[in-house]
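**Student:** Quick one: structure below, then a few questions.
The values are calculated or read from the model by the stated rules, or taken from the named source; none is laboratory data. Keep in mind that what you see is a predicted model, and the values were worked out from it rather than measured. Cβ sites come from the backbone with ideal geometry, for glycine too, and all protein chains shown count toward neighbours. These area figures cover heavy atoms from the full protein model, side chains too; ligands, DNA and RNA do not enter into them. Shrake-Rupley method; radii C 1.70, N 1.55, O 1.52, S 1.80 Å.
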Amino acid sequence: MTALYAGLFYVATLVLVGGLAYRIAQYARTPAPLKIPTTPAPITRAGVVARMFREVTLFESLFKSNKWIWVFGWMFHVGLALVLFRHLRYFLQPVPELVVLAQPAGVIAAFAMVGGLLALWARRFIVPRVRYITNYSDHLILALLVAIGLSGMAMKFVAHTDIVSLKAFILGLMYFDWRPLPQDPILLVHLGLVAALMIIFPFSKLLHAPGVFFSPTRNQADDTRERRYVSPLSPRKA
Amino acid sequence: MAPTKFNGKDHVHGDPIEIPPLACGAMADSKPFVASPAMQKPLGFPGELVDNWQEKAINRLGELVNGSRALRVYLDSCVKCGACTDKCHYFMGTGDPKNMPVARQDLLRSVYRRYFTLGGKIAPKLVGARDLTRDVLDEWYSYFHQCSQCRRCSVFCPYGIDTAEVSMAARDIMDTIGLGQKYSNEIIGKVFNVGNNLGLPQKALRATLESLEEEIEEDTGVPVKLPLDVKGADILLVTPSADFFASPHMEGLIGYAKVLHEAGVSWTLSSYASEAANFGMFVGSHENMKKVAERIRIAAEELGVKRLVFGECGHAWRVAYSFLNTLVGPLDFLDQNYPIPQHICEFTNDLIENGKLRFDKSKNDEFRLTFHDSCNVARASRMGDKPGGQFEIPRAILRATCNHFFDMAPETIHEKTLCCGGGGGLLTDELMDVRLKGAQPRMRALQEVAEEHGVTHMAAICAICKAQFSKVLPQFGFDMESIVSVHQMVSNAILMTGSRQAEEYDAAHAAPVS
Ligand code: SF4
Ligand code: SF4
Ligand code: SF4
């Protein structure tokens, strides 16, 4: 079992990192033939950085758009961020002060994360417009995330797992000094699903995470009169 | 006109951005006429649907995705959150779920997934991927011609996904396989042959301008000129050709001429580039857009002008402001001390701010005005030095020239403005049904200010908006002439030096001798 999971995580990490690197390189390489910021847009690079920062931390456009999706989406993403941060304690030795301090918040965050997900999922059934645009894969990804969240919470609140051996296993993976994985069924499920998520990431709509940074309507400055924008469409100088 | 059972008067009351119940397939039959081989060829497209269209379309999609970061990122990134689903005026007006921006994108995304993504290749059902069949192509033709490329959806999407980019790509693919849209492609052909969308030749243009000069002089006593093809003029004015012949566009042109006259600048129109519009953008063809844009650079160079000013036209301003310098630049032969290009509203507003223009606002007292932000100006360009100048400057002009100005509801103006319903190459009679329905949100917003503030007129700075409103306003119970040009208001109120109006005004306002 240990060998199986060790192998799985190496593969998953490779696919995630390799796949994302490939996608990001692809986005970066693809030309942007014209300036198309959605205006009013910032007119300086600094302004664009600020716009992007607000977009990825506060979900500014979504806030303008739909308060329900915003609340639930934000709950889920911030919850996820805190939960991930809390998980650093399994990867770092010694555990940094900040990660220790974040432990209680991370626990509450798990509820926010799963709650947000369930509410977003409910919208896919209740709101006819959203039901119309939902594919099976959208349900599957939600199911996967909810299952990861619930199995994680089960280990915290229902049946504690042996986190000391778990940490040894994870550090062992990182330093190629393998240690046995605790044979706890909930843990196995949790880890298996996480690996699955890592593997589908670069092939799914989860690409929105790197994608948002490459979105020309959001990452371009409105400065065509101040600086000529040259692209592959521009006439070649003789 | 395509038959429509839609009666605007029954729909004009209500929340402008009301979300309708879903009406699946309601607009499936809305289709524009297909371009004939004679219209396709000059644009470099096959005359009719080619035999191996499926293969060619998929290849073209691949080329477009490789050539446009926006398209690639947008096809990959949508999470189906639904935030955009109620933001399109065509959805609000029709209830057809395929007019929800994300569903419109999905028409193309489903094909992209099938042929270009791992998930779509192995498990198409799971990820909503579809083979490119004749039915899918028919859907493309129908629903990608129910998008005015207004970008309202892109404002609200958390990733800025711009359905306009997707529509343009889809139209490009359809043109590439020989399935073009008659209205847009015929017009692009006219621009190549004659110089403008209307096919107005130089002689007719000159005669029109002369009769306008006579009209202005008769009215004001001032010999205002509308010069054509004058070499060595300082400014080339490029304006939509509708300004040369139809109301209320022409009144706007008279306004520009009066302002330019009063500013004392030398300026000219060009018969070679007698059209600001660029339908190459609507059909998503970079080649054609570039070719149409090229005329403007050539005209500017041949006439030896120093400045480039654009008249009131929405998408033309987008192309001019955002794309021109990229497509046909560098425009380094122009005077770099002025904005390149400049919008006529910027030009007029500068003069107003510097106290160079005098107005008798009471001349516009019969107008209780509101302002329609044209999408392409609002969400795809700018005026002035600051973000949002495109909202402030036209309003500043209206406030300087009219006593009664009222804005429509905040969720329907500025960056959230609602399209007129006729943009993006849809301004053709056979699409009247979708144009009327798409206009409903804007018409409701207008109805609200009409009731609250007694608004009688709506000003706009886009030739397509003006033409569309002239057609749809009566259907919603408004007067056809309640759409006006911004520079029409300027024209009505301006007190040109030495004009009859200025004399009368000064006489009436001279210090009373008591
Ligand atoms: S708002 Fe953007 S991400 Fe959400 S469904 Fe619409 S296009 Fe997709
Ligand atoms: S660009 Fe405008 S017309 Fe097209 S889908 Fe978006 S909101 Fe609708
Ligand atoms: S015609 Fe006017 S309102 Fe309609 S898309 Fe163009 S600019 Fe927007």
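**Student:** For chain B, what proportion of DSSP beta bridges, expressed in % and rounded to the nearest 5, is antiparallel?
**Tutor:** In chain B, DSSP labels about 10 percent of beta bridges as antiparallel.
**Student:** Here's another thing I want to ask about it. Quick check: net charge around residue A:89, other residues with Cβ under 12 Å of its Cβ, Lys/Arg +1 and Asp/Glu -1?
**Tutor:** +1
**Student:** Given Cβ point charges of +1 (Lys, Arg) and -1 (Asp, Glu) and nothing else, what value in debye, to the nearest 20, does the dipole of the protein assembly as shown about its Cα centre take?
**Tutor:** So the magnitude is around 3040 debye.
**Student:** By a straight-distance test (C-alpha under 14 Å), which aspartates and glutamates pair with residue B:190 as possible cross-link partners, with residues fewer than eight away in the same chain excluded?
**Tutor:** B:275
**Student:** If you don't mind, another one. What list of ³J(HN,Hα) couplings, whole Hz, do you get for the range B:301-316 from phi and the Karplus terms 6.51, -1.76, 1.60, once you set θ to phi - 60° and write x for glycine and proline?
**Tutor:** 5, 5, 7, x, 6, 9, 9, 10, 10, 10, x, 6, 7, x, 5, 4
**Student:** Mind giving me the nanometre distance, one decimal, between the label points for residue B:22 and residue A:87, set 7 Å out from Cα along Cα→Cβ?
**Tutor:** 3.4 nm
**Student:** As I understand it, the value is the acute angle between the Cα axis of helix A:2-29 and the longest principal axis of the Cα atoms of chain A; what does it come to in degrees, rounded to 10?
**Tutor:** 10 degrees
**Student:** How far apart, in nm, are the 7 Å Cα→Cβ label points at residue A:67 and residue A:122?
**Tutor:** That separation, rounded to one decimal, is 1.7 nm.
**Student:** What is the pair-distance distribution P(r) of the range B:89-139, computed from all Cα-Cα distances in 5 Å bins starting at 0, with each bin given as a whole percent?
**Tutor:** All Cα pairs, binned at 5 Å, distribute as 5, 23, 23, 21, 15, 8, 4, 1 percent.
**Student:** Tell me the carbon and sulfur percent of the accessible area for the range A:86-234, rounded to whole percent, probe radius 1.4 Å.
**Tutor:** Answer for the range A:86-234: carbon and sulfur cover 74 percent of the accessible area.
**Student:** Search the structure for amide H atoms under 5 Å from the amide H of residue B:238, placed 1.01 Å from N in the peptide plane, and list their residues when 5 or more places away or on another chain.
**Tutor:** B:309, B:310, B:311
**Student:** How much of the DSSP bridge set in the protein assembly as shown is antiparallel, in percent, rounded to the nearest 5?
**Tutor:** For the protein assembly as shown, the DSSP antiparallel bridge percentage is about 10.
**Student:** Report the residue, chosen from A:94, A:104, A:180, that carries the largest GNM mean-square fluctuation when chain A is represented by alpha-carbon nodes joined by springs under 10 Å.
**Tutor:** A:94
**Student:** Tell me, which residues of the range B:149-176 get at least 40 Å² less accessible area when the other protein chains come in, versus the chain alone (1.4 Å probe)?
**Tutor:** So the qualifying set is B:151, B:155, B:156, B:158, B:159.
**Student:** In whole percent, and with a 1.4 Å probe on the protein chains, what portion of the accessible area of the range B:209-342 is carbon and sulfur?
**Tutor:** Roughly 48 percent, rounded to a whole number.
**Student:** Calculate the length of the line joining the C-alpha centroid of the range A:120-182 to that of the range B:118-173, in whole Å.
**Tutor:** Spelled out, the Cα-based centre of one part sits 32 Å from the other.
**Student:** Heads up, I need the accessible area for residue B:51: 1.4 angstrom probe, whole protein in place, Å², nearest 10.
**Tutor:** 150 Å²
**Student:** Please give the FRET efficiency for residue A:26 paired with residue A:230, using the beta carbon to beta carbon distance and R0 = 22 Å, rounded to the nearest 0.05.
**Tutor:** 0.50
**Student:** If the only charges are +1 at each Lys and Arg Cβ and -1 at each Asp and Glu Cβ, what is the size of the charge dipole of the range B:14-180 around the Cα centre, to the nearest 20 debye?
**Tutor:** Taking the Cα centre of the range B:14-180 as origin, the dipole is about 440 debye.
**Student:** Turning to a different aspect of this structure: Exactly which GluC sites (Glu not before Pro) in the range B:311-403 are in a DSSP loop and have at most 11 other Cβ atoms within 10 Å?
**Tutor:** Counting only loop positions with at most 11 other Cβ atoms within 10 Å, the GluC sites (Glu not before Pro) in the range B:311-403 are B:366.
**Student:** Per the helix-only calculation at 222 nm, which mean residue ellipticity applies to chain A, given -39500 (n - 2.57) for every DSSP H run of n ≥ 4 and division by its residues, nearest 500 deg cm²/dmol?
**Tutor:** -22000 deg cm²/dmol
**Student:** With the dipole of chain B worked out from charges on the C-beta (+1 for Lys and Arg, -1 for Asp and Glu) around the Cα centre, which of B:45, B:340, B:57 lies farthest toward the positive end?
**Tutor:** B:57
**Student:** From the backbone phi of the range B:249-266, what are the Karplus-calculated ³J(HN,Hα) couplings (6.51 cos²θ - 1.76 cosθ + 1.60, θ = phi - 60°) in whole Hz, Gly and Pro given as x?
**Tutor:** Karplus values, whole Hz, x for Gly and Pro: 5, 4, 4, x, 4, 4, x, 4, 4, 5, 5, 5, 5, 5, 6, x, 9, 8.
**Student:** With a 1.4 Å probe on protein heavy atoms only, work out how much accessible surface A and B bury together, total over both chains, in Å² to the nearest 100.
**Tutor:** 5600 Å²
**Student:** Another one. If amide hydrogens are placed 1.01 Å from N in the peptide plane, which non-local residues have theirs closer than 5 Å to the one on residue B:181?
**Tutor:** B:35
**Student:** Over the range B:14-180, with the other protein chains present, what is the accessible area per residue in square angstrom, probe 1.4 angstrom?
**Tutor:** Dividing the accessible area of the range B:14-180 by its residue count gives 31 Å².
**Student:** Residue by residue through the range B:451-457, what is 3J(HN,Hα) from phi via Karplus (6.51 cos²θ - 1.76 cosθ + 1.60, θ = phi - 60°)? Round to whole Hz and write x for glycine and proline.
**Tutor:** After applying 6.51 cos²θ - 1.76 cosθ + 1.60, I find 6, 6, 10, x, 4, 10, 9 Hz.
**Student:** Which of A:88, A:181, A:193 moves most in a GNM of chain A, Cα contacts under 10 Å?
**Tutor:** The residue with the greatest mean-square fluctuation here is A:88.
**Student:** So, with a 1.4 angstrom probe, what is the percent of accessible area on the range B:14-180 that is carbon and sulfur?
**Tutor:** 55 percent
**Student:** Another question about this same structure. Let me know the longest stretch in chain B that avoids all trypsin sites (Lys or Arg not before Pro) found in a DSSP loop with at most 13 other C-beta atoms within 10 Å.
**Tutor:** B:6-230
**Student:** Sort out for me the Cα centre separation of the range B:358-380 from the range A:1-30, rounded to whole Å.
**Tutor:** 56 Å
**Student:** For chain A, what is the Kirkwood hydrodynamic radius in Å, using each pair of distinct C-alpha atoms?
**Tutor:** Across chain A, the inverse of the average 1/r is 20.6 Å.
**Student:** Let me ask something additional. Can you tell which of B:266, B:33, B:194 lies farthest toward the positive end of the dipole of chain B, using +1 and -1 charges on the Cβ of basic and acidic side chains (Lys, Arg; Asp, Glu)?
**Tutor:** B:33
**Student:** Taking the Cα centre of chain B as origin, sum charge times position over the Cβ atoms of Lys and Arg (+1) and Asp and Glu (-1), and report the length of that vector in debye to the nearest 20.
**Tutor:** That gives chain B a dipole magnitude of about 1860 debye.
**Student:** For residue B:228, enumerate residues with amide H under 5 Å from its amide H, sequence gap 5+ or separate chain, H modeled in the peptide plane.
**Tutor:** Correct list: B:269.
**Student:** Quick one: compute the contact order of the range B:14-180, relative version, from alpha carbon pairs under 8 angstrom and 6+ residues apart, as a percent.
**Tutor:** Over the range B:14-180, the number comes to 33 percent.
**Student:** Give me the one-decimal Kirkwood hydrodynamic radius in Å for the protein assembly as shown, with the sum taken over alpha-carbon pairs.
**Tutor:** 28.0 Å
**Student:** Could I ask something else about it? If each of residue B:335 and residue B:38 carries a label point 7 Å out from its Cα toward its Cβ, how far apart are those two points in nm?
**Tutor:** Those two pseudo-labels are separated by 4.6 nm.
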